[in-house]
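This is the structure I want to talk about, given as structure tokens.
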Amino acid sequence: MKNWDEVKTAYHVARRGTVSGAAEALGVHHATVIRHIDALEARLGVKLFQRHARGYTPTEAGQDLLRVAQATDDQFSQLAGRIKGRGSEVSGDLVVTSLASLAPRVVPVLAAFQRDHQEVVVRYLTGDRLFRLEYAEAHVAIRAGSPPDQPDNVVQPFMEEQIAAYASRAYIEERGMPQGPDDYGNHRFVGPDREDSRAPFYVWLRENVPAHAVTFRCSDQTVAESAVLAGAGIGFFTQREGAAHPDLVEVAPPQKAWMSALWLVTHVDLHRTTKVQTLLRHLKEHARSQSA
């Protein structure tokens, strides 16, 4: 079986007879219970429950699953008794995910956290894919844009990125400084390869700059920043990153429409664990120090 969480969910539904009872026992949203049951039935290719007005009744296949899950749950209980107390430690794997473009900001913070907690093995996973916290693919996700709205997640504000438009000195020497928004069509911009990018500054770019002026397109923001530094066109950096590159010229100051909010996202099942809470405190303290 690929996912014990789904089996455990089915076990609790069978024991209590209702989705709400299982959700309360597991400490998850009722939508998670329904999703787990649907996924498990689809994977096994059989109905595990008869659904009726009073709740869920196990089918014959569901009864078989219940017996196996009961034995497995007993074994887990015995194991928990042997390792009781380790849950309060800050050790073992700590999986954090974000967009690759956030790595320059996130890596130093994680490294500082690890210096304070040397029993932790940091696994920092980056990419455009949204890692599924409900399947324990990550302990903490740092996400940008609109607040994530998955019902099982705990979402907290992290920090706001002030974004400005920049070009390299070589680009300015060759093509000059844009003379306001009306002149943007006469310049070259670095933008996203995907037309549906949700980054606030790329939404603005799509709505305010002619498509023919976006002449260098990338699938990754880190690559886009490299293209701007190489003189390919005007693009976007955080003010902090822009100030770190002496070869960059600020073409337009930060605008509210370009601002990118960052969010700390955890799953409700892991949110209160000592390891996750300790990391969240560390990240928030870093954010406060940066805004002071």
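The values are calculated or read from the model by the stated rules, or taken from the named source; none is laboratory data. Computed from a predicted model, the values in this text were never measured in an experiment. For neighbour counting, all protein chains shown are included, and Cβ atoms are generated from backbone atoms with ideal geometry for every residue, glycine included. Accessible surface areas use protein heavy atoms only, side chains included; no ligands, DNA or RNA. Shrake-Rupley method; radii C 1.70, N 1.55, O 1.52, S 1.80 Å.
Roughly how many debye, to the nearest 20, is the charge dipole of the range 207-263 about its Cα centre, given +1 on each Lys and Arg Cβ, -1 on each Asp and Glu Cβ, and no other charges?
So the dipole magnitude of the range 207-263 works out to roughly 120 debye.
Further, regarding this structure: Please report the antiparallel percentage of the DSSP beta bridges confined to the chain, to the nearest 5.
Once the DSSP bridges in the chain are tallied, antiparallel ones form about 65 percent.
Shifting gears a bit: Looking at the calculated P(r) for the range 238-292, what percent of the C-alpha pair distances fall above 14 Å?
70 percent
I've got another one for you. Work out, step by step, the length gained on full extension between residue 47 and residue 93: first 0.36 nm times the residue separation, then minus their alpha carbon distance; give nm to one decimal.
Values: separation 46, 0.36 × 46 = 16.56 nm, distance 3.58 nm.
Taking residue 47 through residue 93 to full extension adds about 13.0 nm, to one decimal.
Rank 31, 46, 19 by how far each Cα sits towards the positive end of the charge dipole of the range 1-50 (+1 on Lys, Arg Cβ; -1 on Asp, Glu Cβ) and give me just the farthest.
The residue sitting farthest along the positive end of the dipole is 46.
Okay, next question. Count the lysine pairs in the chain whose Cα atoms sit under 20 Å apart, keeping only pairs 8 or more residues apart in sequence or on different chains.
So the count of such lysine pairs works out to 4.
Percent relative contact order of the chain, based on C-alpha pairs within less than 8 angstrom and at least six residues apart?
21 percent
Which whole-number value in Å² is the accessible area per residue of the chain, probe 1.4 Å?
54 Å²
Only helical DSSP H runs with n ≥ 4 go in: add -39500 (n - 2.57) per run for the chain, normalise by residue count and round the 222 nm mean residue ellipticity to 500 deg cm²/dmol.
It lands at -13000 deg cm²/dmol.
Let me ask you something else. Once the other residues with Cβ under 14 Å from the Cβ of residue 174 are scored (Lys, Arg +1; Asp, Glu -1), what is the net sum?
+1
Pop a pseudo-label 7 angstrom from the Cα along the beta-carbon direction at both residue 193 and residue 289 and give the gap in nm to one decimal.
Each label point is offset 7 Å from its Cα along the Cβ direction, giving 3.7 nm.
Could you list the GluC sites (Glu not before Pro) in the range 81-185 that lie in coil according to DSSP, counting only those with at most 13 other Cβ atoms within 10 Å of their Cβ? If you can, show how the numbers build up before the last one.
Values: sites: 89, 119, 134, 137, 160, 161, 173, 174; in loops: 89, 119, 137.
In loop regions of the range 81-185 (DSSP not H, G, I, E or B), the sparsely surrounded GluC sites (Glu not before Pro) are 89, 119.
Starting from the Cα gyration tensor of the chain, multiply each eigenvalue by 5, take the square root, and state the resulting semi-axes largest first in whole Å.
Gyration-tensor ellipsoid for the chain: 47, 23, 14 Å.
Another one. Using amide H atoms built in the peptide plane, which far-off residues or other-chain residues are under 5 Å from residue 260 H to H?
161, 163
For the chain, with only Lys/Arg (+1) and Asp/Glu (-1) charged at the beta-carbon, what is the dipole magnitude about the Cα centre, in debye rounded to 20?
920 debye
Using +1 at the C-beta of Lys and Arg and -1 at the C-beta of Asp and Glu, which of 97, 139, 232 has the Cα lying farthest in the positive direction of the dipole of the chain?
Of the listed residues, the answer is 139.
Keeping all protein chains in position, work out how much accessible area residue 226 exposes to a 1.4 Å probe, and write it in Å² to the nearest 10.
Counting only protein heavy atoms, the figure is 70 Å².
Can you list the residues, at least 5 places off or on another chain, whose amide H is less than 5 Å from the amide H of residue 214, using H built in the peptide plane?
The answer is 189.
Kindly express, to the nearest 10 degrees and within the range 0 to 90, the angle between helix 274-291's C-alpha long axis and the longest C-alpha principal axis of the chain.
Orientation of helix 274-291: about 20 degrees from the principal axis.
For the range 22-65, state what percent of all Cα-Cα pairs lands in each successive 10 Å bin, counting from 0 Å until the bin that includes the largest distance.
Calculated P(r), rounded to whole percents: 26, 55, 18.
Provide Rg and Dmax in Å for the range 101-203, with only Cα atoms included in the calculation.
Calculated on Cα positions, Rg and Dmax stand at 18.8, 56 Å.
Within the range 48-72, what residues put their amide N at less than 11 Å from the label point 7 Å along the Cα-to-Cβ vector of residue 132?
The answer is none.
Relative to the Cα centre, what is the charge dipole magnitude of the range 92-213, using +1 at the beta carbon of each Lys and Arg, -1 at the beta carbon of each Asp and Glu, and rounding to the nearest 20 debye? Spell out each step's value before the answer.
Details: 12 positive and 18 negative charges, 53 e Å.
It works out to roughly 260 debye.
How would you rank 54-67, 228-241, highest first, on the average number of other Cβ atoms within 10 Å across their residues?
On the way: 54-67: 15.6, 228-241: 21.0.
Top of the packing list down: 228-241, 54-67.
Using only the C-alpha atoms of the range 188-269, find the volume of their convex hull and express it per residue in Å³. Walk me through the numbers before you get to the answer.
Values: hull volume 10.0 nm³, N = 82.
It is 122 Å³ per residue.
Shifting gears a bit: Tell me, what % of the accessible area of the chain is carbon and sulfur with a 1.4 angstrom probe?
Carbon and sulfur together cover 50 percent of it.
What full-extension length gain, to one decimal in nm, is calculated for residue 117 and residue 60 as 0.36 nm per residue of separation minus the Cα-Cα distance?
Working: separation 57, 0.36 × 57 = 20.52 nm, distance 4.88 nm.
Answer, rounded to one decimal: 15.6 nm.
Stretched out fully, how many nm does the piece from residue 39 to residue 170 gain, at 0.36 nm a residue minus the Cα gap?
On the way: separation 131, 0.36 × 131 = 47.16 nm, distance 5.48 nm.
Taking residue 39 through residue 170 to full extension adds about 41.7 nm, to one decimal.
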